[in-house]
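The values are calculated or read from the model by the stated rules, or taken from the named source; none is laboratory data. If you're wondering where the values come from, they're calculated on a predicted model, not measured in any experiment. All Cβ positions, glycine included, derive from the backbone under ideal geometry; neighbour counts span all protein chains shown.
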């Protein structure tokens, strides 16, 4: 059998009625190149695994169905990486399937030998993405540059819409953080940006296909209301790495401390208030964990964020999503 050019890792759980539709979508996207399907089941109680295995056999597709019983999504993704044989790896999350992009990404990978590829957020970025990859005049952006773009929201790569060299993951031992169940993909993307020697932004606008995505029921009563703060922990881990390896990039460090981290905390606060969590409960938790001390203000803090932080810190009773 031909060695796969691309390994598609798909974490699944209890989607027996939709798994064949998900696999059919990926099958159509990968019809022009050699791909393998790595379906990682997280302990489904329905027939998801049986339906997936039957689909692979019926369509004679190269791939495996494995069970990571009781594991979270990060553990499932890491299991897929461990067994992936493709030159490149991508991840497909059934709850947010992006419109057709795999063929364009793989083509770009072959042309540039890029180790990490991602798409565009907006239509106006397409032309610049093309020029950045072909022009000798335009300065090629580094991983640190792209992280700055992420902080300022110029680009918003999602782990469910990227492609990464298998060799790069293995050489740098890049994995998803298995202690994180929330926003684990952002941590992974930061690691890839910093590790990859060659990066490529593909001229494709990344859009979630709502019709093909699988709506999965969530049980909020079983979820810790403070789980969103795991995203802050992800950012702190990245900051520590940057401080050790990129201490000379003063701007990126200050952007992290004065914009990205405080902005993320305030977004979490807004979300919790919308969920009717009491203000005093949030403030008590933040003080206990030290998150209130991370609300730093400096030259790199946008004005609107300064207002939010100041109001939250000194006039909390007047804070309602300022």
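Tell me, yes or no, whether the range 207-228 has at least one residue that is assigned to a helix (DSSP H, G or I), touching a residue at least 24 places away in the same chain (Cβ under 8 Å), touching a helix residue (DSSP H, G or I) at 6+ places or on another chain (Cβ under 8 Å) and not assigned by TED's automatic domain parsing to the domain that holds residue 109. Yes, there is a match, as at least one residue in the range 207-228 is assigned to a helix (DSSP H, G or I), touching a residue at least 24 places away in the same chain (Cβ under 8 Å), touching a helix residue (DSSP H, G or I) at 6+ places or on another chain (Cβ under 8 Å) and not assigned by TED's automatic domain parsing to the domain that holds residue 109. Assessment of the range 9-26 against the conditions (in a strand (DSSP E or B), within 21 Å of residue 163 (Cβ to Cβ) and more than 23 Å from the chain's Cα centre (by Cα)) yields no matching residue. Inside the range 16-28, can you point out the residues that are surrounded by fewer than 22 Cβ atoms within 10 Å (Cβ to Cβ) and in contact with a helix residue (DSSP H, G or I) (Cβ under 7 Å, 6 or more places away or on another chain)? Across the range 16-28, the qualifying residues are 16, 20. Residue selection: residue 258 fails the criterion of being surrounded by 12 or more Cβ atoms within 10 Å (Cβ to Cβ) and without any contact (Cβ under 8 Å) to a residue 24 or more places away in the chain. Could you please let me know if residue 78 is closer than 18 Å to residue 187 by Cβ and at pLDDT 95 or above? Answer is yes for this residue. Filtering 42, 54, 69 for residues that are loosely packed, with under 14 Cβ neighbours inside 10 Å and farther than 23 Å from residue 100 by Cβ leaves a single hit, 69.
Within the range 182-204, being assigned to a loop (DSSP other than H, G, I, E, B) and over 11 Å from the mean Cα position of the chain (by Cα) holds for 196, 197, 198. When 156, 227 are checked against the criterion of being under 12 Å from the mean Cα position of the chain (by Cα) and within 24 Å of residue 263 (Cα to Cα), a single residue qualifies: 156.
Quick check on my filter: what residues within the range 261-280 are surrounded by 15 or more Cβ atoms within 10 Å (Cβ to Cβ), farther than 26 Å from residue 240 by Cα and free of Cβ contacts under 8 Å to residues at least 40 places away in the same chain? Matches in the range 261-280: none. Among the residues of the range 148-161, the ones that are at pLDDT 85 or above and either part of a loop (DSSP other than H, G, I, E, B) or surrounded by fewer than 23 Cβ atoms within 10 Å (Cβ to Cβ) (or both) come to 8 in all. Within the option set 170, 243, 267, 259, being in the same structural domain as residue 84 (by TED's automatic domain parsing) and not in a loop (DSSP other than H, G, I, E, B) holds for one residue only, 170. Per the listing 123, 99, the residue uniquely more than 22 Å from residue 33 (Cβ to Cβ) and surrounded by fewer than 18 Cβ atoms within 10 Å (Cβ to Cβ) is 123.
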